[in-house]
Amino acid sequence: MNSYLIVGTGVSGVAAVSLLQKSNASVCVFDGNNTLDEAGLILKHPQLEGVAIYLGELPEEAYDDFDTVILSPGVPVDSPLVESLKARGKRIWGEIELAYRLGRGHLAAITGTNGKTTTTSMVGLILRTCFPDVQVVGNIGTPYTEVAADTKDETRIVAEVSSFQLETIETFHPSVSAILNITPDHLNRHHTMENYIACKERITENQTADETVVLNLEDPILREFGKTLPNHVVWFSGRRRLKEGYYYREEDHSIRYCQGQEEELILSVRELQVVGRHNYENAMAAIAISRAMGVPMDKIKEGLRAFTAVEHRIEYVCTKRGVRYYNDSKGTNPDAAIKGIEAMDSPTCLIGGGYDKKSDFGDWVDAFKGKVKLLVLIGETRAQIAKCCQDHGFNDFVYADTLEEAVKICYTNAKEGDEVLLSPACASWDMFHSYEERGKLFKKYVRELPD
C-alpha cells in the first residue's frame, strides 16, 4: 500500500488528506510555516485528527513514513525541500494527479494564461443543461481531490488547471483538453518562458490521437504547437474566418463554425451576457469543448445565453453619479488586464499595480491610448509601472497608498459617462491574501461611495 506525505495545509492539501483517508492510505502532513499551531489546524480541519503533522521542518525520521509526495500548487518543484525529496527517490505528484488516479468519469481540462475561469464556468453550465452529474473543479475554487471519491463512470468533470498543477502530472489524461492562450506569466516561478510554455502544453501529453484538443489559432505559440499534435485539433479564432473551426465574424457580431465551404451560424454575441472579444473567444472554446463532450448544439446555446460574468472578471459593480464601476481583480497579468481595458467603452479611470511577478508592462501601457484618462497605482510595482508609463509617453498617473484611497481618487476624477476599472495587471499578494479579497474590497469601497 502506498504511503503519502501531503505538503501544504491549505484547501487542496486538506482535501487530498480526506481523499486518501477514504482510500485507507497511510498519510502524514507537512507545512513549512512554523507559525502554524497543530491544535489550531486540527480544530479547523478535524480530518487531520490522528494524522502525523510536521510543521516548520521535516524531521529526518519522517522520510521513512511515505513513498509518494502530494504537492500543493503553491509549492515550487525546485524548492530545497522538493529537491531533497526527489534525491531520496520519492515520487512527486500534484493534487490533480492524485485526484485523476482515484477518480472516475469523463474529464475536460482547460488551461491558458487568461480566460480559464470564465471558460471553465461556461462549460460547467453548458454540461449541466445536458447531464445530471457534473463537477467543476481545479483552480476555479473546488479542489479536484475534494470530489474525486464521489465521481462515477457517468460523471462529467470540468477542470481548470494551472501551470503549477501541470508541472507534476504523470498519468493525468483528459479526454478533451483546451489551451486558450499563452502569454508571459508566473516567470518568478517558472524562471523562463520556455518552462512556462512546456508546463501548459503538458495538458495534452497523455491524450490519444482520437481525443480532442481545443486551441486558439491567434496565439502564435499554440498555432505552432497544434501542428505537432497527433490529436484531433479544433481551432477557434477571434480575428479571422477559418477553413475549419469556430470564428467570430465582426461584421454581424456572430460566432460561426466553418467546415470547408459550409458555414454554420451558432449565435449572435448580442445574445450573450458577457462583453469583449476575449469573452467571445472563451465562448468559442466552450462550444468546442462541450461539443466534444457530447452536448447537442441547442443545449450549448441554452447554456451560453444563461451565462453571466464570473466574479472579479470585468464584473459590473454599480453606477455612481453616472459612472460605471467594474471589478476585474482577476486581471493579474498584463495580457489579462489589456482585455479589461479593451472591454471599456468610455474614458476610463484605471486602478493598477500589485505584487511583482516580473512582468513586462509595456504592451499594457500601450493599450491605454484613447481609453485610459487616469491611472491610479498601488502596491509594490507602482514605481516600476510609473517608469514604464513615462517611457511609453503616458504621464496621467498618480499613486495611492491603499485600494480605498485609489477608489476615492477615481470617484473624484471620473465624470458622468466615464468608467472606473480595477484591473491591476499584477497579483494581489503584496497587499491582500488573494485577488478575490482585493475584488471584494473594491466592490465594498465602491458601494460605500456617495450617490
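When the range 256-282 is filtered for residues that are under 26 Å from D328 (Cβ atoms) and either among the acidic types (D, E) or in contact with a Ser or Thr (Cβ under 8 Å, 6 or more places away or on another chain) (or both), the ones remaining, listed by number, are L267, S268, V269, E271, Q273, V274, N279, E281, N282.
Which condition number does S423 fail, the rest of (1) open to solvent by 10 Å² or more (accessible area, probe 1.4 Å); (2) closer than 23 Å to R277 by Cα; (3) out of contact with any Pro (no Cβ under 9 Å at 6 or more places or on another chain) being met? That leaves (1) as the condition not met. Annotation: of all residues in the range 350-381 being open to solvent by 60 Å² or more (accessible area, probe 1.4 Å) and not in a strand (DSSP E or B), the one that is nearest to I409 (Cα to Cα) is E380.
Scanning the range 226-253 for residues that are in contact with a strand residue (DSSP E or B) (Cβ under 9 Å, 6 or more places away or on another chain) and of a type in the set (S, T, Y), we see that the one that is farthest from I289 (Cα to Cα) is Y248.
All of (1) open to solvent by 60 Å² or more (accessible area, probe 1.4 Å); (2) within 18 Å of A336 (Cβ to Cβ) hold for F432 with one exception: (1). In a residue-by-residue description of the range 329-336, the property of being in contact with a strand residue (DSSP E or B) (Cβ under 6 Å, 6 or more places away or on another chain), surrounded by 22 or more Cβ atoms within 10 Å (Cβ to Cβ) and either part of a strand (DSSP E or B) or of a type in the set (V, I, T) (or both) applies to at least one position.
For the range 102-116, the candidate set comprises residues that are small (G, A, S), in a loop (DSSP other than H, G, I, E, B) and modelled with pLDDT of 95 or more; within that set, the residue that is surrounded by the most Cβ atoms within 10 Å (Cβ to Cβ) is G103. Counting only helices (runs of 4 or more DSSP H) that sit wholly inside the range 117-219, those with at least 1 residues that are of a type in the set (D, E, K, R) and open to solvent by 40 Å² or more (accessible area, probe 1.4 Å) are 144-147, 193-201. When the range 298-326 is filtered for residues that are under 22 Å from P132 (Cα atoms), open to solvent by 30 Å² or more (accessible area, probe 1.4 Å) and either out of contact with any helix residue (DSSP H, G or I) (no Cβ under 7 Å at 6 or more places or on another chain) or not aliphatic (A, V, I, L, M) (or both), the ones remaining, listed by number, are D298, K299, K301, E302, R305, T308. Taking the conditions exactly as written (open to solvent by 70 Å² or more (accessible area, probe 1.4 Å) and under 17 Å from E167 (Cα atoms)), does R91 satisfy them or not? Yes: the conditions hold for R91. Each residue in the range 382-405 was checked for being of a type in the set (K, R) and surrounded by 14 or more Cβ atoms within 10 Å (Cβ to Cβ), and 1 pass. Residue pairs whose Cβ atoms lie under 9 Å apart, separated by 6 or more positions or on different chains, with the first residue in the range 348-374 and at positive phi and the second open to solvent by 10 Å² or more (accessible area, probe 1.4 Å) and hydroxyl-bearing (S, T, Y), are G353/Y399; G354/T332; G354/Y435.
The values are calculated or read from the model by the stated rules, or taken from the named source; none is laboratory data. A quick note: this is a predicted structure, and the numbers were derived from the prediction, not measured. Reconstructed Cβ throughout: ideal geometry from the backbone, glycine too, with neighbour counts over all protein chains shown. The accessibility values were calculated without ligands, DNA or RNA, using every heavy atom of the protein model including side chains. Shrake-Rupley method; radii C 1.70, N 1.55, O 1.52, S 1.80 Å.
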